[in-house]
Amino acid sequence: MYIVHVFIEVKPEFREQFIKETIANARASIQEPGIARFDFLQEADATNKFILVEAYRTKDDTAQHKETGHYQRWNQVVAEMMAVPRSKMVYSNIYPGETGWE
């Protein structure tokens, strides 16, 4: 597994639109064969901060994801909504837990 956490902070006036656009992207993303899991989280005490948790089957699947129409649309639409540039951290899965990810 190749797991990416994307950290996002949006401008307050775009929060609801960002949520709508990101849910649409997440729903399409989980249909991709290379994505095992796609979570969209909102920080409890800072409602303009979000994390995308993207679990890919392989590192190459991240590049394929970025070529999809739904990702490219999302990337373009949400660009103006960012309060700061988004950042990411990449992780390797050590133990799959109860999810059965392998």
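Using R0 = 30 Å, the C-beta based FRET efficiency linking Phe14 and Ala63 works out to 0.65.
Going by a ≥ b ≥ c, the root eigenvalues of the Cα gyration tensor, does the stretch 57-98 fall in the rounded group (a/c under 1.5), the prolate group (a/b larger than b/c) or the oblate group?
Working: a/c = 2.87, a/b = 1.62, b/c = 1.78.
The shape class here is oblate.
Cα axis of helix 69-78 to longest principal axis of the chain: angle in degrees, 0 to 90, nearest 10? Relative to the chain, helix 69-78 is tipped by roughly 30 degrees. A simple spin-label model places pseudo-atoms 7 Å from Cα toward Cβ; at Val6 and Val77 they are separated by 1.3 nm. The dipole here belongs to the chain: it is taken about the Cα centre, uses +1 on the Cβ of Lys and Arg and -1 on the Cβ of Asp and Glu, and is about 160 debye. Would you pull out the residues with amide H under 5 Å of Glu43's amide H, same chain only if 5 or more places away, H placed 1.01 Å from N? Counting only residues 5 or more places away or on other chains, the set is Lys49, Phe50, Ile51. Shown in residue order for the stretch 38-44 are the 3J(HN,Hα) couplings computed by the Karplus curve 6.51 cos²θ - 1.76 cosθ + 1.60 at θ = phi - 60°: 9, 10, 10, 10, 10, 5, 5 Hz (x for Gly and Pro). Based on C-alpha pairs under 8 angstrom that are at least 6 apart in sequence, the chain has a relative contact order of 45 percent. Scanning residues 5 or more positions from Ala36 or on other chains, those with amide H under 5 Å from its amide H are Ala55, Tyr56, Arg57, with H placed 1.01 Å from N in the peptide plane. Taking amide H positions as modeled 1.01 Å from N, with prolines and chain starts lacking one, the residues under 5 Å from Asn93 and 5 or more places away or on another chain are Ile3.
May I ask you to work out the translational diffusion coefficient for the chain at 25 °C, viscosity 0.890 mPa s, via Stokes-Einstein with Rh from the Kirkwood sum over Cα pairs, reported in whole µm²/s?
Numbers: Rh = 14.1 Å.
In µm²/s, the coefficient is 174.
Against the longest principal axis of the chain, how steep is helix 15-29, in degrees 0 to 90 to the nearest 10, with axes from Cα atoms? The helix 15-29 is inclined about 20 degrees to the chain.
Computed 3J(HN,Hα) for the stretch 50-67, one whole-Hz value per residue from the Karplus formula 6.51 cos²θ - 1.76 cosθ + 1.60 where θ = phi - 60°, is 9, 9, 9, 10, 10, 10, 9, 6, 9, 4, 4, 5, 5, 5, 5, 4, 5, 8, glycine and proline marked x. In a simple Cβ point-charge model (Lys, Arg +1; Asp, Glu -1; nothing else charged), the stretch 28-80 has a dipole of about 100 debye relative to its Cα centre.
Quick note: the coordinates plus some simple rules give every number you see, no bench work behind them. Being a predicted model, the structure only gives us computed values, none of them experimental. Counting neighbours? That spans all protein chains shown, and the Cβs are built from the backbone with ideal geometry, glycine included.
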